[in-house]
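These notes are about the structure you will find just below.
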Amino acid sequence: MVTEKPFVAVVLYESTCDSPDYQTLYREDVVLVYARTEDEAREAVRVRAAGEAGSHRNELGEVITLSVKEVLDVAPALDEDLTRGGDLYSRHFTNFDAYRRFEPLLSEKD
């Protein structure tokens, strides 16, 4: 019997609006799912992400639409036993300046 293991996914969403003044927003979520295989994890993430998508009216009556732009990555969690914490996900890059421009929390420290 194969037991379920933790997998981590990075999902990119796009938020649009019917208002011409609205600036498209993007949201990156890091999601934890449990599955027996990476294929099962990928499907679980796809279903979960699709469930997040949809439209609603904001306080101004504008229609805001959230859609899945891309499932960027699905990978086994770095630690399988997460009962007391652990490492979930890691990614590497070579261009720190590009990362600084992308990451608003890092840009605020300048």
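The values are calculated or read from the model by the stated rules, or taken from the named source; none is laboratory data. None of these values were measured; they are calculated from a predicted model. Every residue, glycine among them, receives a Cβ derived from its backbone with ideal geometry; neighbour counts consider all protein chains shown.
When each of Val8, Val30, Val63, Val47 is tested for being in contact with a Lys or Arg (Cβ under 7 Å, 6 or more places away or on another chain) and either of a type in the set (A, V, I, L, M) or at positive phi (or both), the lone residue that passes is Val63. Looking at segment 2-25, which of its residues are among the hydroxyl-bearing types (Ser, Thr, Tyr) and at pLDDT below 95? Within segment 2-25, Thr3, Ser19, Tyr22 meet the criteria.
Among the residues in segment 41-53, are any of a type in the set (D, E, K, R), closer than 19 Å to Val2 by Cα and surrounded by 14 or more Cβ atoms within 10 Å (Cβ to Cβ)? Looking through segment 41-53, at least one residue is of a type in the set (D, E, K, R), closer than 19 Å to Val2 by Cα and surrounded by 14 or more Cβ atoms within 10 Å (Cβ to Cβ). Taken together, the residues in segment 30-52 that are assigned to a strand (DSSP E or B) and touching a Leu at 6+ places or on another chain (Cβ under 8 Å) amount to 2. Scanning segment 33-54 for residues that are more than 29 Å from Cys17 (Cβ to Cβ) and basic (Lys, Arg) gives Arg36, Arg42. Scanning segment 55-110 for residues that are touching a Ser or Thr at 6+ places or on another chain (Cβ under 8 Å), surrounded by 12 or more Cβ atoms within 10 Å (Cβ to Cβ) and either of a type in the set (A, V, I, L, M) or farther than 30 Å from Tyr22 by Cβ (or both) returns Val63, Ile64, Leu66, Leu78.
Pairs under 9 Å by beta carbon, first residue outside any strand (DSSP E or B) in segment 55-68, partner surrounded by 13 or more Cβ atoms within 10 Å (Cβ to Cβ) and modelled with pLDDT of 95 or more, six or more apart or different chains? Partner pairs satisfying both residue conditions: Asn58/Cys17; Asn58/Ile64; Glu62/Cys17. Residues in segment 18-25: is at least one surrounded by 12 or more Cβ atoms within 10 Å (Cβ to Cβ) and within 11 Å of the chain's Cα centre (by Cα)? So far as segment 18-25 goes, no, none of its residues is surrounded by 12 or more Cβ atoms within 10 Å (Cβ to Cβ) and within 11 Å of the chain's Cα centre (by Cα). Taking residues in segment 84-101 that are in a helix (DSSP H, G or I), and partners anywhere that are aliphatic (A, V, I, L, M) and at pLDDT below 90, the pairs with Cβ atoms closer than 8 Å and at least 6 places apart or on different chains are Tyr99/Leu106; Arg100/Leu106.
For segment 12-21, state whether one or more residues are within 27 Å of Glu103 (Cβ to Cβ) and in a helix (DSSP H, G or I). For segment 12-21, residues within 27 Å of Glu103 (Cβ to Cβ) and in a helix (DSSP H, G or I): absent.
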